Structures are given as C-alpha cells and as structure tokens.
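**Q** Sharing a structure, written as structure tokens. Questions coming.
The values are calculated or read from the model by the stated rules, or taken from the named source; none is laboratory data. These figures come from a predicted structure and were not determined experimentally. Heads up, the Cβs are rebuilt from the backbone with ideal geometry, glycines too, and the neighbour counts pull from every protein chain shown.
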Number of protein chains: 2
Amino acid sequence: MGQKSKQQDELTIAHIHDAAQRIKGHAVRTPLLEAPLLNERLGARVFVKPEVLQRTGSFKFRGAYTKISRIEPTQRQKGVVAYSSGNHAQGVAAAATLHGIPSTIVMPKDAPEIKIENTRAYGAEVILYDRYTESREEIGARLCDELGAILVPPYDDVDVMSGQGTVGLEIIEDLEEKQQRANKIIVPCGGGGLLSGLSTVFASSSPGTDIWAAEPEHFDDTARSLVAGERVSNAPEARSICDSLSTPTPGDITFPINQRLVTGGVALSERQIADAMVEAFRLFKIVVEPGGAAALAAALYGHVDIAGQTVVVVCSGGNVDPALFSRILEGERVFRG
Amino acid sequence: MGQKSKQQDELTIAHIHDAAQRIKGHAVRTPLLEAPLLNERLGARVFVKPEVLQRTGSFKFRGAYTKISRIEPTQRQKGVVAYSSGNHAQGVAAAATLHGIPSTIVMPKDAPEIKIENTRAYGAEVILYDRYTESREEIGARLCDELGAILVPPYDDVDVMSGQGTVGLEIIEDLEEKQQRANKIIVPCGGGGLLSGLSTVFASSSPGTDIWAAEPEHFDDTARSLVAGERVSNAPEARSICDSLSTPTPGDITFPINQRLVTGGVALSERQIADAMVEAFRLFKIVVEPGGAAALAAALYGHVDIAGQTVVVVCSGGNVDPALFSRILEGERVFRG
C-alpha cells in the first residue's frame, strides 16, 4: 500500500510513464502537425498536437482509461461513475466498455447533443442535470453510494492526471525526433488536469520550456489564480461557447502543481476562439471544438509571445455539433458578448 | 544508368522503401484512426488512414517530394513544372520550396480557391487554364522547354508512384503493431498513382489483402477499365464535385500495375460522398474533401462487402473550401445529378 498511496497523493513522472504503458495500443498515438504557411505568418515554428484524433475525440480518454485500469479488478466489476460536460463522459464510457464494466455518467442537460449521444453510444447510462442549479458532485457521490461504484473524477485525481500527462511524453518524443526543443507549450485549461500532467512531464524532461494555460473569457480562473497565488472562482453567471472549459475554479489537486510549474495563463474572446477553429480547419484539416481551440487562439493572437520560437499548441478536443461548426465556418456571429 | 533506368521503368517495393527514407522527417507519419461506433454499425473493423493530415493536406506531397529529391542536383536548380487540379500542385510547390528550387504549376481556373491560394503560398508560380478547352499536358511541356525545368507528373511516373506507395508501408506497419491484417484496402482513385503504389506494397507484404478503387460517378474510368481489360475514358462532358478525382482515363504506367494487382472498382454518388464527409467530421474529427471521401463512402454504403472483416480506408485529402464544407455539414443539396 505504501507505494500505492504515494501514487495517490503525488503526481510523479514515473506515474505518467506507467500510464503510457497502460494506454499503449488502446489510445491513438497522435502525431505533431505543422503548417509552413502558419509558421511564416507568425514568424515562429508552431506544432499542433491534435488530440481531436484521440479515441472519443479528446485527450480525456487517456486519463479515464488509466484510472479504470488501476482500479482493483473485483471492485472494478461494480462499475464507474463520472460527471462531465461531455468529453470526460465519452472517455469514461469508452474506457469502461473496453474494460467490460458498466458506467453511469452525469451530464449537464445543455451539453452539446453530439456529446450526450456519443456517451450513450459508447455504452454508458446517462443522467442529465441542470448545471446552474444542481451539484454534479452530489449527484455523483449519491450514485457511487447506491451502486458501490468508483468515481472517475474529471481532473482532480492523480490517476486521471497521470493519463493526461502522456500527451506530454509524446510531444517530447516527437520533438526529439525532429531535433527540436519547445520554448513554449500552450494548453487549453478547464480544471487543470491536462495542464498538471503535461507540466510535470516538461519539468522532468525539458525544464526550460514555459507552460501556458489558455482559457476562455469569463472562465480564466486558472490565469487569475496563478496571479493571485490562490484559487479564485469564476462568476456564477459566466457562460461560454467553450463548454469543455467551463469549470468553476481550479482543482484542489491540480492547482498546487500548476502554481509551481506553469508560467501563466491567458484569456481568449469567443471571436478569437472561433477564428482559431477556422484556421485549424484550413491549415491542419482537423475539427476542433471551441474549448479545444483556445491554445491555438492564444498563439494566433499574440497573447503569448512566440516570435522566433518553437511552440507546441494542444488542440484538446473535437466534439462539436455540425450545425455550430458550419455556422462558425461561415463566419456567422454565434457568440455571446 | 542501368539501375536508374530500371527504376524509371518498373515500380518495385525497393523503390518504395527508398522513397520512405527520402520523405522521413519531411512528411507527416499519419496514424490509423478507428471509431468503435462505426465498427459496431458496420459489423466490421474499419481503420481510416487520414492523409488529410499530410503536409499540404493530401498524400500528394509524398510523391512530389520523392520525385524532386531524385532529380540530379544541377538539373534540379532549374526548377520543376507540374499540372494539377490542386493537391498535386500544393505537394509539388511545397516540396520544391523545401528543396530550395522554383516551381511553376498549371492549374484549372475552376479549381477550389483554397488550392490555388495555397499553391501560391507554398511558393509556386501558378498559371491558370481552362480544363475543358485547353490541354494541360501541352502547356506543361511548353513550360518545361522554355524553363529547362523537369516535369513532375501527377501520377504517371514511377518516382511519384513510389512516393505514394509509402502510405501502404505505414498502413502495414501500424496494422502489424495492432496484430491485425487487412482483408481489404479501399483507396480513392483518380489517375491511379496512389492505388498502384499501395497495391505494389500489399502484393509484396500482404498478398491476401484485396485492393479496391473508389471513384465518383461519371469518373469511374478505372473501375470500368478493370472490367473491360483495357483503358477506357470518361465522357468529356462529365463533371464531379470530386475535383481531385476528375481525371479523363487511367494512367499509361499506373493502369497495367492496377490491372494486375487491384481487385475491382466501385462508383459513388455525390450524395454518398457528401455523407461520408459528414461521417468523417463526426466520427474521426477530420476534414475530408469530396474526392478524399470516396473510399470511406464505399465502406459506408456497402459497395464493397466488408461484413466481419478488417478494412483500411484511405482519406486521401482535405483541401475543401470552407463554404462548401459548411453547406455539406448542413445537409444542403450542393450536388449535380
């Protein structure tokens, strides 16, 4: 138990290497993409890590699969419970089905239709709630009690964070093959799980690389918390097109890591995020959802100074309804504010 | 010269392995993608090879880079000429720029805007012509004479074909890692360059795999030629949304290879191709142009029997104008016929 409880408490690079072994052959080994036309325009070398190509359409599968694979098999048979705006939901549903166990997922009733549909299709039972009046944590805890199931938290969990960290291992591996070293990594940030995993990898293997968080306007809790030196929350009335990044506050477990390892955070307008989605379509031929495009938007709009540098931008998810995507492609104003 | 002229005459697996070495580090090593939801629906295991992620947005970069790298350096300095509806154009322009040499590309004036723009942006001089009244071959030959440049043909060239064949090497490598063997490969087919390269690889490494060509209605010249046992042409008045597959007849050099190694060909309606583009968006989060989606359409619509089988579908390119893509996503009727 000594080893295990240490792993539970503290995210280490060994934990992330172990996660990489667990997901091998189950997760997609996503490549690094590059567009010379974009490099020329920005005067930088920009690589995109397209986690939209990941199983279930976002990096969340990595953490969910890692977590479930680490649950003791007898316990695992009772199934898992998760709450999620949609990407973690799909990741958990698919990872549970691959392990042959049931999953119950609590989702906001205003989540994108494609995410609710897919979560069901991956084999989960979906329970809808109102994200502005009900507590998903309470609903999740009650379900775990009733079912004897284990909760797979969306970010505040060392097993989940270690799975997300495998994104960082792959980036480092691919950069080395190209004989490149990144000056900066920019990562879309909700609860901070991907950010904490990735920054742990870079602190270990490439400590000279600066790590930046990209968030939507009104949900820049991580950026503001990094400045304040303590966790601050977003306004309860805040709304964003970036459903996957609409978390109320940085995580309990993720924030102390990010506070130690992350350089800073930037906030993007919805117009900038929509433009980044169109650029990803044009230049990289990938479908990126609003929240998944925040880091690319930060690179495009100079929120992070990248001139003359080598930069990796994570496009973290691609689960966007066709109707919204087509309106964004046509340049319609579909945004709040 | 003996070795070289043999390579010029005959496409061999050694030639394709040599191409793989040449493009390494310059071309994107594209992954294989899989969607459990699609597998379940089709009762098959379907892998997508997303060449939309390739440099310049299509597999054409592979052949162009291989060809240019094999031109003797002094000659190469005089530059290259190509004619192309757009994907080969971009591939040649980018490959020429990477070699530090000029390129002149002859393109139909009704090619998608994004392809013309990008070809210029990659560094080529673009010359527009009318594809229904002028001969691109004649214009290309005249330019080569004037400039002392070498022609990079779109498909009927063993160097180009060997570069396209590297797609097949990667598919075999990735299937082996998954301990899978493909029953069938389905490939979008224009002039037959990709098909000939790929079928040469499979004949050598996986001779039990059937190779199928997917073409749009009215441009099913390869399917009909395979049945007829000789090269037949499409009607001069034929038009298709699949600009990248709108070739008049199978290639001189590609067809004898395909005749020997390819199982058959199928023709897809524009509605089926559009539906495949939407499925690629929803399931794989990739942007596929009409011509690039023909093989996926063949798998979706049962033109090739895949029940219970392992199948690889190549999505060959993703250079589609945003306006057209958004209309297709919205299910508007944008097709002829």
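**Q** Go through B:291, B:308 for me and flag whichever is assigned by TED's automatic domain parsing to the domain that holds residue B:183 and on the phi > 0 side of the Ramachandran plot.
**A** Just one listed residue meets the conditions, B:308.
**Q** Quick one: is residue B:121 assigned by TED's automatic domain parsing to the domain that holds residue B:30 and more than 27 Å from residue B:238 (Cα to Cα)?
**A** Spelling it out, it is not the case that residue B:121 is assigned by TED's automatic domain parsing to the domain that holds residue B:30 and more than 27 Å from residue B:238 (Cα to Cα).
**Q** Just need a number here: residues in segment B:1-41 that are assigned to a helix (DSSP H, G or I) and either within 14 Å of chain A (Cβ to nearest Cβ) or at pLDDT 95 or above (or both).
**A** 17
**Q** Which number in (1) more than 14 Å from chain B (Cβ to nearest Cβ); (2) within 15 Å of residue A:331 (Cβ to Cβ); (3) free of Cβ contacts under 8 Å to residues at least 60 places away in the same chain marks the one condition that residue A:275 misses?
**A** (1)
**Q** If you take the residues in segment A:283-300 that are of a type in the set (A, V, I, L, M) and under 17 Å from residue A:190 (Cβ atoms), which one is farthest from the other protein chains (Cβ to nearest Cβ)?
**A** A:298
**Q** Something else: Name the residue that is farthest from the other protein chains (Cβ to nearest Cβ), counting only residues in segment A:74-86 that are assigned to a strand (DSSP E or B) and of a type in the set (Val, Ile, Thr).
**A** A:81
**Q** Yes or no: residue A:190 on the phi < 0 side of the Ramachandran plot, part of a helix (DSSP H, G or I) and of a type in the set (Gly, Ala, Ser)?
**A** So residue A:190 does not fit the description; no.
**Q** Right, next: Kindly evaluate residue A:124 against the criterion of being in contact with a Lys or Arg (Cβ under 6 Å, 6 or more places away or on another chain) and at pLDDT 95 or above.
**A** no
**Q** If you go through segment A:99-116, how many residues are at pLDDT 95 or above and within 11 Å of chain B (Cβ to nearest Cβ)?
**A** So the count comes out to 0.
**Q** Taking segment A:193-211, which residues are assigned to a strand (DSSP E or B) and touching a helix residue (DSSP H, G or I) at 6+ places or on another chain (Cβ under 7 Å)?
**A** A:211
**Q** Quick check on segment A:115-127. Is at least one of its residues more than 26 Å from residue A:325 (Cα to Cα) and crowded, with 20+ Cβ neighbours inside 10 Å?
**A** No, the conditions are met nowhere in segment A:115-127.
**Q** If you don't mind, another one. Can residue B:119 be described as closer than 25 Å to residue B:314 by Cα, in contact with a helix residue (DSSP H, G or I) (Cβ under 6 Å, 6 or more places away or on another chain) and within 14 Å of chain A (Cβ to nearest Cβ)?
**A** So residue B:119 passes the test.
**Q** Restricting to segment B:147-173, and then to whatever is outside any loop (DSSP other than H, G, I, E, B) and touching a strand residue (DSSP E or B) at 6+ places or on another chain (Cβ under 9 Å), can you tell me which residue is nearest to residue B:199 (Cα to Cα)?
**A** B:168
Yes/no per residue for (1) within 14 Å of another protein chain (Cβ to nearest Cβ); (2) within 23 Å of residue A:306 (Cα to Cα); (3) not in a helix (DSSP H, G or I):
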| residue | (1), (2), (3) |
| --- | --- |
| A:237 | no, no, yes |
| A:244 | yes, no, no |
| A:248 | no, no, yes |
| A:266 | no, yes, yes |
| A:271 | no, yes, no |
| A:281 | yes, yes, no |
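**Q** I've got another one for you. Could you tell me which of the residues B:323, B:298 is under 22 Å from residue A:279 (Cα atoms), of a type in the set (Gly, Ala, Ser), assigned by TED's automatic domain parsing to the domain that holds residue B:31 and not in a loop (DSSP other than H, G, I, E, B)?
**A** B:323
**Q** Step by step: first the residues of segment A:301-320, then only those that are assigned to a loop (DSSP other than H, G, I, E, B) and buried (at least 24 other Cβ atoms within 10 Å of the Cβ), then the one that is farthest from the other protein chains (Cβ to nearest Cβ). Which residue is that?
**A** Among those residues, the one meeting the criterion is A:316.
**Q** Separate question: Tell me yes or no: at least one residue of segment B:48-61 is more than 14 Å from chain A (Cβ to nearest Cβ) and either under 16 Å from the mean Cα position of the chain (by Cα) or aliphatic (A, V, I, L, M) (or both).
**A** no
**Q** Just to be sure, is residue A:52 part of a strand (DSSP E or B) and out of contact with any Pro (no Cβ under 6 Å at 6 or more places or on another chain)?
**A** Criteria not met by residue A:52.
**Q** Quick check: anything in segment B:231-242 under 16 Å from the mean Cα position of the chain (by Cα) and modelled with pLDDT of 95 or more?
**A** No, because not a single residue in segment B:231-242 is under 16 Å from the mean Cα position of the chain (by Cα) and modelled with pLDDT of 95 or more.
**Q** Turning to a different aspect of this structure: Count, please, the residues in segment A:62-73 that happen to be over 24 Å from residue B:32 (Cα atoms) and either surrounded by fewer than 23 Cβ atoms within 10 Å (Cβ to Cβ) or facing chain B (nearest Cβ under 9 Å) (or both).
**A** 4
**Q** Looking at the structure I just gave you, is residue A:101 over 18 Å from the mean Cα position of the chain (by Cα) and either assigned to a helix (DSSP H, G or I) or in contact (Cβ under 8 Å) with a residue 24 or more places away in the chain (or both)?
**A** yes
**Q** Further, regarding this structure: Of the numbered conditions (1) away from chain A (no Cβ under 14 Å); (2) outside any helix (DSSP H, G or I), residue B:179 satisfies every one except a single condition; which is it?
**A** Tallying (1) away from chain A (no Cβ under 14 Å); (2) outside any helix (DSSP H, G or I), residue B:179 fails exactly one: (1).
**Q** Further, regarding this structure: Tally time: how many residues in segment B:217-267 are closer than 20 Å to residue B:324 by Cβ and out of contact with any strand residue (DSSP E or B) (no Cβ under 6 Å at 6 or more places or on another chain)?
**A** Number of matching residues: 7.
**Q** Report the residue count in segment A:219-245 for those that are crowded, with 21+ Cβ neighbours inside 10 Å, of a type in the set (Gly, Ala, Ser) and within 21 Å of residue A:289 (Cβ to Cβ).
**A** Summing the residues that are crowded, with 21+ Cβ neighbours inside 10 Å, of a type in the set (Gly, Ala, Ser) and within 21 Å of residue A:289 (Cβ to Cβ) in segment A:219-245 gives 3.
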